[in-house]
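Visitor: I have a structure I would like to understand better, so I am pasting it below and will then ask my questions one at a time.
The values are calculated or read from the model by the stated rules, or taken from the named source; none is laboratory data. All values derive from a computational prediction rather than experimental measurement. So basically every Cβ, Gly included, is an ideal-geometry build from the backbone, and we count neighbours across all protein chains shown.
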Amino acid sequence: MQTRYSYLLKFVLAFSDLLILNGVFVVASVTTDYFEFLDERLIYRYYLPIANLMWLLSAGVFRLYAQASVSDLDGIYRATYRTATLHAVLFSLYVYLADVGATHTVLFLTVFHFALAAMLVLSRFLGTYFQRVLIRNFKVRKTVAIIGKHEGSRRLARYFRAHEEDYAFEGYLSENDHSLIKDNGEVTNTALQQFQRAVDRGIEEVYVSLPSHQIAQASALLEAGEQYCLRVKLVPDLTRRDSLPYEVSVLGPVPVVSIRHEPAYDMGGRFKKRLFDLLFSTAVIVMILSWLYPIIALLIKLESRGPVLFKQYRSGRDNKPFLCYKFRSMRVNSDSDKRQATRDDNRITRIGRFLRKTSLDELPQFFNVWSGHMSVVGPRPHMLKHTEQYSAMIDHYMARQFLKPGITGWAQVNGYRGETTDPRLMGRRIAHDIWYLENWTTMLDVRIVFLTIINMLTGEENAY
């Protein structure tokens, strides 16, 4: 789906990247000149134009500014990483081979590439934040709704809810499709009423779920929608009667059918996800927890008796329990394994309320990540009792247990966190978890980390 926002984004992205590239080049030149000799006339004549041309070449190779890449943040992250890597290789080779005698090569390249990498990361972080601001305050998404409820439309609804940054899903206008088209192909008054309802609610696109035997009669329905200036699209119910799942692979000479696509389960995916977890958790433990842990521990001890860490068995990957760590945010009580924290919960201490509001109470879980029981990003780990309770209430609930639980997750950055008493809201949380399971990429993890940091800085309504 292309909006004015996504169309303009590629031009803004290209302009800002070139601005960053040239600004970093100047910084690297000034820094090199400060410590070593630098002929500015030569370096700006021979190096700066080539740096820009090689960036545009690298961006073209990986289609950084193509519509397909800028249509979602994951694509931008992935293309940016690949573009920056190729540019570093090409530009370094040029500088070494050209050797015009203008600069101290090693120092210049070191400052240039590290500063460029840092500024690109910062620009993508700020871009993620501004996208969230645009979504919340301006109409940059198309509003969509569904008429009719078949398996195809249910999957589409799950997709819309999992892509709330792209779609403003208004739900089902009607769950019944049997009264939309008459046997002779005419559109019923009920269908026209639904279209008028969509217009009144400001919906731009309506997806109509029709059984397969009515597809041939759908042209009249599409034309009727156009009379209301609505874009009506069909979601045919082509579900197989044998209910064959979605993923077909080959194991030796034998085709094997599996119910879900699990990119994080393949060996390559598992390696990349584990490497990301180790690098990220090590950085947090060394750079943040090494000094913040004793400060928080002292504040917890000063306010109430009990241990610094709260340890509780949670449901892990493949539903295996593990001991999950958090900074203790409540007074020691006997209900911690039974009852979720609620707003204005009298068990929460003053320092605990601050820790929960800022999500700092989750920091010890990086030790869980480092030890392999958790991941930086994944479905949030639930209490054993809640896993048993919700698995009996919500379809496909246990599918989320195929992944390691995470410190943050796709559901959490989309607002589904904290206390959940409504099974429907828990169902949406699970839908987000399952979408993450089936669509995982390393860049999606990076995106979720960015969104988590933004939420921590701006505050979250459900963090208590």
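Visitor: Looking at the range 111-150 only, could you name the residues that are at pLDDT 90 or above and either touching a Lys or Arg at 6+ places or on another chain (Cβ under 7 Å) or basic (K, R) (or both)?
Guide: Answer for the range 111-150, where residues must be at pLDDT 90 or above and either touching a Lys or Arg at 6+ places or on another chain (Cβ under 7 Å) or basic (K, R) (or both): just R124.
Visitor: Of all residues in the range 226-282, which are at pLDDT 85 or above and touching a Gly at 6+ places or on another chain (Cβ under 7 Å)?
Guide: Passing the criteria: only P263.
Visitor: Please return the ranges of strands (runs of 3 or more DSSP E) entirely within the range 295-399 where 1 or more residues are within 25 Å of V449 (Cβ to Cβ) and not assigned by TED's automatic domain parsing to the domain that holds I453. Give the steps one after another, and end with the answer.
Guide: Values: elements: 309-315, 321-327, 375-377.
In the range 295-399, no matching strands (runs of 3 or more DSSP E) lie anywhere.
Visitor: Here is a further query. Give the range 51-93 a look and list any residue that's in a helix (DSSP H, G or I), of a type in the set (A, V, I, L, M, F, W, C) and surrounded by fewer than 16 Cβ atoms within 10 Å (Cβ to Cβ), or say none.
Guide: L53, L57, V61, A68, V89, L93
Visitor: Something else now. L221 versus (1) surrounded by fewer than 20 Cβ atoms within 10 Å (Cβ to Cβ); (2) modelled with pLDDT under 80: which is the lone unmet condition?
Guide: (1)
Visitor: For residues in the range 151-179 being outside any helix (DSSP H, G or I) and at pLDDT 75 or above, which is surrounded by the fewest Cβ atoms within 10 Å (Cβ to Cβ)? Steps first, please.
Guide: Going through the range 151-179, the residues outside any helix (DSSP H, G or I) turn out to be 163-179.
With the extra rule that they be at pLDDT 75 or above, the set shrinks to 167-173.
Details: Y167: 18, A168: 17, F169: 23, E170: 17, G171: 12, Y172: 17, L173: 19.
The selected residue is G171.
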